[in-house]
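One structure is given here, and the rest of the page talks about it.
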Amino acid sequence: MFMAPKGDNVLVSSIKLEKIFSMKGGKGESSYANNSKAQAIHARSMLHLLKETLDRVQLSSPEVPFVVADLGCSSGSNTINTVDVIIKHIAKRYEALGYNPPEFSAFFSDLPSNDFNTLFQLFPPLANHGGSMEETLAADSHRSYFAAGVPGSFYRRLFPSMSIDLFHSAFSLHWLSQVPESVLDKRSAAYNKGRVFIHGANESTANAYKKQFQTDLASFLRSRAKELKKGGSMFLA
Ligand SMILES: C[S@@+](CC[C@H](N)C(=O)[O-])C[C@H]1O[C@@H](n2cnc3c(N)ncnc32)[C@H](O)[C@@H]1O
């Protein structure tokens, strides 16, 4: 969606939102990487809930890699910190059962317009996999997992069937896949006069957004249901 100011209103073209939508990339003053402390603080305050979810994930044999995916990862360090917490917690669970932790794999997923280059540059180096997994996990300045970026919308399939142990997604699912069509239709009761906010809008407009959210969330859940391994889990904020 492209929005250009025109008087009090904005013009909304039909360019697909997901083709151009992204947080501000790079590491500059106004970048997401430098303006995501609020999300970091909220993420920290939810850690106990995340750990409760992690405690319920069914663990497979340590021979099988444990696979995490963060959806709507953006281009700051929040996603890296969260994946680190997840992997350390799961590793501890294996150790508590008397096993060496498995190898870990993490997928960082966002829309293709996301600045994956900046994100990849923020990754600490991969720990020496010649060493034991315990040594790898103990090395704080190193990454104890294989990482890959996955471009695509989380409202569609992103991964093969039954391939992910844990999905995480924070502060992203409120972004809808599109502006509801009725909101852009001058003949509709939900028409929002070109505005990009619903403050003061009528109930039909609010209902159109609500319906879009329900449709989008259902698409999200249908895709994840296919991709999640048996016994896997999801943490959504
Ligand atoms: C506010 S950022 C959250 C980033 C990160 N999770 C954090 O906690 O800092 C929201 C992210 O959701 C992504 N996003 C929005 N709609 C998406 C979609 N349909 N599929 C995948 N990512 C999407 C945006 O590109 C953006 O990077």
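The values are calculated or read from the model by the stated rules, or taken from the named source; none is laboratory data. Values in this document were obtained by computation on a predicted structure and should not be read as measured data. Cβ: placed from backbone, ideal geometry, glycine included. Neighbour counts: every protein chain shown. Areas reflect the complete protein model, heavy atoms only, side chains present, ligands, DNA and RNA absent. Shrake-Rupley method; radii C 1.70, N 1.55, O 1.52, S 1.80 Å.
Among residues of segment 160-193 being within 22 Å of Leu50 (Cα to Cα), of a type outside the set (S, T, N, Q) and buried (at least 18 other Cβ atoms within 10 Å of the Cβ), the one that is farthest from the ligand (Cβ to nearest atom) is Asp165. Taking the numbered list (1) buried (at least 16 other Cβ atoms within 10 Å of the Cβ); (2) closer than 30 Å to Ser61 by Cα; (3) of a type outside the set (A, V, I, L, M) in turn, Tyr209 passes all entries but (2).
Every residue, every condition in (1) under 15 Å from the mean Cα position of the chain (by Cα); (2) part of a helix (DSSP H, G or I), yes or no:
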position	(1), (2)
Ser31	no, no
Asn34	no, no
Arg44	no, yes
Lys51	no, yes
Ser60	no, no
Val68	yes, no
Ser75	yes, no
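Tallying residues that are without any contact (Cβ under 8 Å) to a residue 12 or more places away in the chain and either open to solvent by 60 Å² or more (accessible area, probe 1.4 Å) or basic (Lys, Arg) (or both) within segment 216-237 yields 3. The listed residues are Val57, Val64, Val83, and the only one of them that is farther than 30 Å from Arg195 by Cβ, open to solvent by 50 Å² or more (accessible area, probe 1.4 Å), at pLDDT 95 or above and among the β-branched types (Val, Ile, Thr) turns out to be Val64.
All of (1) charged (D, E, K, R); (2) more than 16 Å from the ligand (Cβ to nearest atom); (3) under 24 Å from the mean Cα position of the chain (by Cα) hold for Asp216 with one exception: (2). The set of residues in segment 73-125 that are within 13 Å of the ligand (Cβ to nearest atom), aromatic (Phe, Trp, Tyr) and either farther than 17 Å from Asp165 by Cβ or out of contact with any Ser or Thr (no Cβ under 9 Å at 6 or more places or on another chain) (or both) comprises Phe107, Phe116.
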